[in-house]
Structures are given as structure tokens and as C-alpha cells.
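Heads up: the structure comes next, in C-alpha cells.
Values in this text are rule-based calculations from the coordinates and carry no lab data. From a predicted model like this one, the values you see are computed outputs, not experimental measurements. Cβ placement follows ideal geometry from the backbone for every residue including glycine, while neighbour counts extend to all protein chains displayed.
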Amino acid sequence: MNNQNFAGRFRRAAKNLPALPADLARMRAGLSSARDARDRPFPRQLPHIQGLDYYGECRPVRDTGGDFHDFVPLAPHGLAVSVGDVSGHGLSAGILMSGLRALLRGLAAHGPCGIARMVRELNRAFWQVSPGDFFATLFHACVDPVRRELEYVSAGHESALLVRRRSGRVHRLESTGTVLGLSDRAVYGHRILPLEPGDLLIAHTDGVTDAGDAEGIEFGEKGILRIVQRHPEARACDLAREILEAIDRHAGPGRQDDRTVVVVRLQGEAGNGEFKAAEEAVLAA
């Protein structure tokens with residue numbers, strides 16, 4: 001390139017410089033809108049579900065992140081609970097996260113019967129639209145307070161915890177299939193567990209348990225359970241915030257990953273002997 005052509009290109013580029021502040025302002029506004037869309041509950045107010053106390057909160061490491069959670073009422077009296085984590089951080093992860101949550105919300109409300117089949121369809125859709133180097137983990141559960149039953153699918157996600165009020169026993173809800181987005185042929189299993197009043201479900205992303213202190217000691221599941229033991233009767237919103245604040249104290253400033261916690265508690269009086277027998281039969285199967 002000769003000097004004259006270079007100078008011409010430079011002058012044309014320089015003419016665009018005054019517009020840069022406005023462009024940056026628009027970009028910041030776009031990021032703010034993306035953050036607002038991520039943080040806004042769906043729906044804006046959590047619907048009342050008789051027999052359930054529930055809450056979720058996400059604390060991203062950047063303006064937009066890959067973590068999400070959602071609650072969808074299910075006819076006639078249930079609740080779909082989701083916690084997910086798209087790989088990576090920043091705007092790309094945030095965009096994929098928003099799309100995945102929208103797909104999941106639509107399938108949960110109007111999709112095929114059976115949550116294992118629903119997650120299979122979700123994986124196919126996510127595989128078609130996501131770049132090859134992106135994937136997502138997902139914990140998705142349906143909680144029925146009338147039948148006192150929890151059904152879940154976990155696509156490579158961190159194990160959720162089911163804490164029994166009566167016995168104090170803790171069930172780790174392990175993965176039932178691979179992560180989303182790796183293959184359009186993935187299949188998923190599901191698990192069903194009975195519930196008793198007072199039982200507590202805690203689902204989270206890996207930024208919660210992996211958070212380490214100055215010596216590299218992770219917060220871990222033990223950290224979550226310590227908070228549960230200290231606040232056994234806390235409301236779901238208070239317990240979720242106590243967990244997140246305990247992680248902040250443990251790990252200190254400078255978060256390295258998004259952190260999301262969802263808490264669901266079955267309300268009501270203690271279960272009867274008939275229910276206890278049904279629980280033992282399921283756990284023995």
C-alpha cells in the first residue's frame with residue numbers, strides 16, 4: 001500500500017472517531033439490557049404455589065454470565081425448577097444462556113410429556129444453535145406438593161442436594177445424562193423421589209461449591225450443609241442468601257465464576273406412616 005492510499009484510509013477512519021463515545025454508550029446500554037433480562041425473574045413475581053416455599057438468586061462474575069435459574073408453574077399444582085450453566089463467561093455465554101432458558105421455558109410449559117423426553121428435545125435444539133465449543137449443564141426438576149413427589153433430570157450438572165427434615169439424611173441428586181450441546185443423539189434418564197413436609201431441595205452451579213479461600217480450600221457441599229444446619233427453619237429466600245453470603249466470606253473478593261443457588265422447601269405437617277413406607281420402597285428400589 002502506498003503512502004497516499006494509507007493516508008486516505010487513515011483520514012476516513014479518523015472521521016469515525018467522534019462517534020466512538022456514542023457507540024460505547026450504546027454498547028453499555030445493550031449490556032445493561034442483557035443483564036436486566038438475565039436477572040429478571042420469569043415471571044416478574046414468583047407465582048404462589050400452595051405448599052411450596054422457593055427462591056433463587058444468581059450472582060454473576062461479569063455483567064453477563066452463563067448461569068441461570070427459572071421457575072415455571074405446572075398445571076394443576078406443580079412447579080418446574082431449573083438451574084443451568086452455559087460454558088464460558090461474558091456476552092456470548094449470556095446470549096446462549098438467554099436462548100437456552102427461553103427454549104426450556106417453552107418446553108416446560110407446552111412441550112412433550114415426560115421431563116426426560118423434554119430435556120432430550122432441549123438438547124437437540126441447543127446443539128443446533130450453539131457453537132461447537134459451547135456446552136451447558138442443566139438440573140431440571142418437577143416438584144408436586146400435592147403428590148409430595150420430586151422428579152428430576154440432570155444433564156451433567158452439579159449434584160443437587162435433597163435434605164430430609166425428619167432424619168437429616170442428605171441425598172445427592174446425581175447426573176442422569178451428559179451435558180447439553182455435545183451431541184444431538186444424547187438421551188437422558190430421570191429419577192423420582194418422594195417428599196415429606198420440611199424436606200429441602202438445594203440446587204446450585206459449580207461456582208458455589210468450587211469457590212476457594214486463600215489456601216485453595218473449596219466451599220463445597222459441606223459449606224452448604226453447614227448453613228442449612230445453622231438455619232434449619234429459614235425461609236427459602238433467607239437460606240439462599242445466607243449460602244451466597246457465606247461463600248463471599250469464604251472466598252473473599254474477586255469472584256472467578258458465576259454463582260447461583262435455588263432453594264425449594266415442601267411445607268406442611270409431618271408425613272404419616274403410609275408415606276414413610278412408600279418412601280422406603282422407592283429408596284430400596
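If you sort the three axes of the alpha carbon gyration tensor as a ≥ b ≥ c, you get a/c of 1.5 or more for region 44-284 and a/b no higher than b/c, which makes it oblate. Less than 5 angstrom separates the built amide H of residue 195 from those of 149, 150, all sequence-distant by 5 or more or on a different chain. Other residues with beta-carbon under 11 Å from the beta-carbon of residue 159 carry, at +1 per Lys or Arg and -1 per Asp or Glu, a net charge of -3. Residue by residue, region 67-83 carries 3J(HN,Hα) couplings of 6, 7, 9, 7, 10, 10, x, 10, 5, x, 7, x, 9, 8, 10, 10, 9 Hz when phi is fed to the Karplus relation 6.51 cos²θ - 1.76 cosθ + 1.60 (θ = phi - 60°); x denotes Gly or Pro.
Each residue of region 144-160 was assigned a 3J(HN,Hα) from its phi angle through the Karplus curve 6.51 cos²θ - 1.76 cosθ + 1.60 (θ = phi - 60°); the sequence is 10, x, 7, 7, 6, 8, 10, 10, 9, 10, 10, 8, x, 8, 4, 5, 6 Hz, with glycine and proline shown as x. Near the amide H of residue 52, within less than 5 Å, lie the amide hydrogens of 267, all on another chain or at least 5 residues away, with H placed in the peptide plane.
Can you compute the FRET efficiency between residue 213 and residue 241 using 1/(1 + (r/R0)^6), with r the Cβ-Cβ distance and R0 = 25 Å? Round to the nearest 0.05. Between residue 213 and residue 241 the formula returns 0.80. Taking amide H positions as modeled 1.01 Å from N, with prolines and chain starts lacking one, the residues under 5 Å from residue 258 and 5 or more places away or on another chain are 61. Counted residue by residue at 0.36 nm each, then reduced by the alpha carbon distance between them, the extension gain from residue 206 to residue 250 reaches 14.3 nm.
When a/c reaches 1.5 or more, the comparison of a/b and b/c decides; with that in mind, is region 116-247 rounded, prolate or oblate per its Cα gyration tensor?
Here region 116-247 falls in the oblate category.
With the simple spin-label model, which puts each label point 7 Å out from Cα in the Cβ direction, the residue 185 to residue 229 separation comes to 4.7 nm.
The modelled label-to-label distance for the pair residue 87/residue 170, using points 7 Å beyond Cα in the direction of Cβ, is 2.9 nm. Summing charges over all other residues whose Cβ lies under 14 Å from the Cβ of residue 107, with Lys and Arg as +1 and Asp and Glu as -1, gives +3.
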